[in-house]
1. Looking at region 58-70, I want the residues that are closer than 11 Å to Leu92 by Cβ and have a partner that is among the hydrophobic types (A, V, I, L, M, F, W, C) with Cβ atoms under 9 Å, at least 6 apart or on another chain. Which pairs are those?
2. Please state which of the following conditions Leu14 fails to meet, knowing it meets all the rest: (1) at pLDDT 80 or above; (2) over 14 Å from the mean Cα position of the chain (by Cα); (3) assigned to a helix (DSSP H, G or I).
3. Of (1) in a helix (DSSP H, G or I); (2) modelled with pLDDT of 85 or more; (3) more than 24 Å from the chain's Cα centre (by Cα), Trp44 satisfies all except one. Which?
4. Looking at region 47-67, which of its residues are modelled with pLDDT of 75 or more and among the aliphatic types (A, V, I, L, M)?
5. Here is a check on your reading of the model: is Val70 of a type in the set (Val, Ile, Thr) and at pLDDT 80 or above?
6. For Thr39, are the conditions met, namely being in a helix (DSSP H, G or I), among the polar types (S, T, N, Q) and either in contact with a strand residue (DSSP E or B) (Cβ under 8 Å, 6 or more places away or on another chain) or at pLDDT 80 or above (or both)?
7. I'm trying to understand the selection: among the residues of region 75-92, which are surrounded by 11 or more Cβ atoms within 10 Å (Cβ to Cβ) and among the hydroxyl-bearing types (Ser, Thr, Tyr)?
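The values are calculated or read from the model by the stated rules, or taken from the named source; none is laboratory data. For clarity, every value in this text was computed on a predicted model and none was experimentally measured. Glycine gets a Cβ as well: all are built from the backbone with ideal geometry, and neighbour counts include every protein chain shown.
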Amino acid sequence: MHHMGKSEVYSWRLSPRLKAELDEAARLEKKSLAQLLDTIAEDWLEHFGDRTAGSQERQQRIRDVALESVGALRGNDPSRAENARSEVRSRLARRHVR
C-alpha cells in the first residue's frame, strides 16, 4: 500500500452506529480511525477502482468518438478548412441537444 504525506481533509456525517463500529474495528486492528479509513479507502480503490484500466478505457472511448469525425467534413466548399471549427461545433451542438 502506498502512503504519502497527508494534505487533504474530508469530513462527512455518519450514523452513531457506524461510527461506533468503525471505532471498534480500529481498536481491534490497533490502528487509529484515520489509519483504518485510509486502509479501507485504499483497499476499495485497489479492488473496485482500477485507476489505470479505467483511465485507459475512458481515453479509448474519447479516441473512438473523436475518430468518428475524422474525415467527416465533405463537400465542394472551397472554404471548408476555414469553416471546420464552426462546422464541428455545430454538429456537436446538434448531437447533444437535450
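1. Every condition considered, the pairs that remain are Ser69/Val88; Ser69/Leu92.
2. So Leu14 meets the others, but not (3).
3. Of the numbered conditions (1) in a helix (DSSP H, G or I); (2) modelled with pLDDT of 85 or more; (3) more than 24 Å from the chain's Cα centre (by Cα), the odd one out for Trp44 is (3).
4. Passing the criteria: Ile62, Val65, Ala66, Leu67.
5. no
6. So Thr39 fits the description; yes.
7. Of everything in region 75-92, just one residue is surrounded by 11 or more Cβ atoms within 10 Å (Cβ to Cβ) and among the hydroxyl-bearing types (Ser, Thr, Tyr), namely Ser90.
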